[in-house]
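**Student:** Handing you this structure, nothing more for now.
Nothing in this text is a laboratory measurement; each read-out follows from the coordinates by a stated rule. Keep in mind that this is a model prediction, so the values were computed, not measured. Note that each Cβ is placed from the backbone with ideal geometry, even for glycine, and that neighbours are counted across all protein chains shown.
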Amino acid sequence: MAATQTILTKHETDEIDMWLKRFPEDRGQSALLAALRAVMHEDHYLSTEKMDAVADYLGLSKIAVYEVASFYSMYELEEKAAAKNTIAVCTNISCMLNGSDNIVEHIEEKLGIKMGETTPDGEFFFKIEEECLAACCGAPMMQLNHVYHENLTPEKVDELLDGVRSKASLKNKEVS
């Protein structure tokens, strides 16, 4: 546990603990999806060391964590020098039936890129087809920088993307 504590940040363990409280004490695996999302948020990918630390923290085998992390496309397993912001729209059946195709089309038109491409300014990367983001009850949904946004409409997507652009613009002005 000592090695785990040095690898996982306080913010990460606090978030994992919050999720653990939602499940019976002997059901640490129930918090695994949220735990992986929490540790991926800072580095934007899951290193083997972080996955091992999550396994130790939750009392799971390392292979159980690797299986989940490699199954869901929402988890990045490699460090990538990608765009500043990553968009991932779930295109699985629940989201598709609730309009994810329209959301994908709207994002492509708004940003002038297709899935798998990065905007010319390097601000947004639109990930290729997301098979499942494990939030069917909020379909259609997407992740923006690994944060879930559910019950999407084109207007809600515009608000989210414009908000990210505004923050980036403010940061650039502060640096200048």
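**Student:** Got the relative contact order for the stretch 2-71 handy, in percent, Cα pairs under 8 Å and 6 or more residues apart?
**Tutor:** 33
**Student:** Over its Cα atoms, what ratio of radius of gyration to 2.2 N^0.38 Å does the chain give?
**Tutor:** Dividing the Cα Rg of the chain by 2.2 N^0.38 Å gives 1.09.
**Student:** Residue separation times 0.36 nm, minus the C-alpha to C-alpha distance between residue 96 and residue 167: what's the value?
**Tutor:** Separation in residues times 0.36 nm, less the Cα-Cα distance, equals 22.5 nm.
**Student:** Cysteines without a disulfide-compatible partner in the chain, using Cβ under 4.7 Å as the rule?
**Tutor:** 132, 136, 137
**Student:** So for the chain, taking the charge dipole from beta-carbon charges (+1 Lys/Arg, -1 Asp/Glu), which of 11, 51, 143 sits furthest toward the positive end?
**Tutor:** The one lying farthest along the dipole's positive direction is 11.
**Student:** Would you please classify the overall shape of the stretch 111-166 from the alpha carbon gyration tensor, given that a ≥ b ≥ c denote the square roots of the eigenvalues, rounded means a/c under 1.5, and beyond that prolate means a/b larger than b/c while oblate covers the rest?
**Tutor:** Details: a/c = 2.12, a/b = 1.36, b/c = 1.56.
Verdict is oblate for the stretch 111-166.
**Student:** To the nearest 500 deg cm²/dmol, what mean residue ellipticity at 222 nm is calculated for the chain from DSSP H runs of n ≥ 4 alone, each contributing -39,500 (n - 2.57), summed and divided by the residues?
**Tutor:** For the chain, the value works out to -15500 deg cm²/dmol.
**Student:** Then there is this: Quick check for me: using +1 on Lys/Arg Cβ and -1 on Asp/Glu Cβ, what's the dipole size of the chain about its Cα centre, in debye to the nearest 20?
**Tutor:** Dipole of the chain, to the nearest 20 debye: 280 debye.
**Student:** With the convex hull built on the Cα atoms of the stretch 2-71, state its orientation-averaged projected area in nm².
**Tutor:** Working: hull surface 16.8 nm².
Averaging across all directions leaves 4.2 nm² for the Cα convex hull.
**Student:** Now for a separate question. Over the chain, what is the mean sequence separation of C-alpha contacts under 8 Å (at least six apart), divided by residue count, expressed as relative contact order in percent?
**Tutor:** On the way: 232 pairs, mean separation 32.7, N = 176.
Relative contact order for the chain comes out at 19 percent.
**Student:** Taking every DSSP beta bridge that has both residues in the chain, what percent is antiparallel when rounded to the nearest 5?
**Tutor:** Roughly 65 percent of the DSSP beta bridges within the chain come out antiparallel.
**Student:** On a full-extension model of 0.36 nm per residue, what is the gain between residue 6 and residue 109, subtracting their alpha-carbon distance, rounded to one decimal in nm?
**Tutor:** Contour length minus Cα-Cα distance gives 32.7 nm.
**Student:** Give the relative contact order (percent, whole number) for the stretch 85-175; include only Cα pairs under 8 Å separated by 6+ residues.
**Tutor:** On the way: 123 pairs, mean separation 30.8, N = 91.
Averaging sequence separation for qualifying contacts and normalising by length gives 34 percent for the stretch 85-175.
**Student:** Still on this structure, I have one more. Please give the helix 62-71 orientation as an angle from the longest Cα principal axis of the chain, in degrees from 0 to 90, rounded to the nearest 10.
**Tutor:** 20
**Student:** Using a simple spin-label model with points 7 Å from Cα along the Cα→Cβ vector, what separation in nm is obtained for residue 67 and residue 27?
**Tutor:** Computed distance between label sites residue 67 and residue 27 equals 1.9 nm.
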